[in-house]
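Just so you know, all these numbers are worked out from the coordinates, no wet-lab data involved. Please read these numbers as outputs of a predicted model, since none were measured by experiment. Cβ placement follows ideal geometry from the backbone for every residue including glycine, while neighbour counts extend to all protein chains displayed.
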């Protein structure tokens, strides 16, 4: 049972380059999320998708776009990378239920450096 | 606005000593509360969660947490720390969005160092 799988695990980009971070979950969860983690700042939500076909901005969406390709996959795209986007990116998923506190399941992260 | 505060950035304890990591939240309704652990180079792993019922919650790896509504706290405890517990610990609160999912808010984390 793989859970949440993120690719790639590491990436180095030059300023202005573009790339897409991939995320897939095999738990049939309806909701998926992208976070960035920076030292001393915890996890900050970039975008989320409540269900297939929907996406919404989180607290730090500028410079990013997302696609909920299907129920399993949720990708994050950097169109023109900037050094300020150097970070560790985590994808997470959860099954939303109105009467239940479901935790998130996390991937192992993508470590992205932008020179 | 909802928020989570972990006042201790770093904590160092000796192996075998007891541990308490503090978490305070700001949320109007009954909160969904979580503690996660992150080992170096890894994602976050759920330790325990709370929504309602018994205010003392048991989790994995011998951890427990106590919900105190009057203090808006959800502190994590372990009676005897092992060297393998060295990691970063995150407290989180979740609320339901009108879009039909949860929004999770994380604290900034507490890094635990364990001395042999």
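Using a Gaussian network model of chain B in which every pair of alpha carbons under 10 angstrom is joined by a spring, one finds that among B:84, B:26, B:70 the greatest mean-square fluctuation is at B:70. Anyone know which of A:40, A:53, A:63 comes out most mobile in the 10 Å Cα GNM of chain A? Judging by the Gaussian network model, the answer is A:40. For peptide A:49-55, the mean count of partner chain Cβ atoms within 10 Å of a residue's Cβ comes to 2. Dividing the convex hull volume of the alpha-carbon atoms in the protein assembly as shown by its residue count gives 125 Å³ per residue. Projecting label points 7 angstrom from Cα along Cα→Cβ for residue A:5 and residue A:56 puts them 2.9 nm apart. Averaged over the residues of A:65-74, the number of partner chain Cβ atoms lying within 10 Å of the residue Cβ comes to 0. Cα centroids of the range A:58-115 and the range B:65-116: 21 Å apart. Computed from the Cβ-Cβ distance with R0 of 30 Å, the FRET efficiency linking residue B:55 to residue A:95 stands at 0.75. Highest mobility in the GNM of chain A, judged by mean-square fluctuation with C-alpha springs under 10 Å and restricted to A:73, A:59, A:95, is found for A:59. Computed across the range B:1-42, the Kirkwood hydrodynamic radius from all distinct Cα-Cα pairs reaches 13.0 Å. The mean of 1/r over all pairs of different alpha-carbon atoms in chain B, once inverted, gives a Kirkwood hydrodynamic radius of 14.4 Å.
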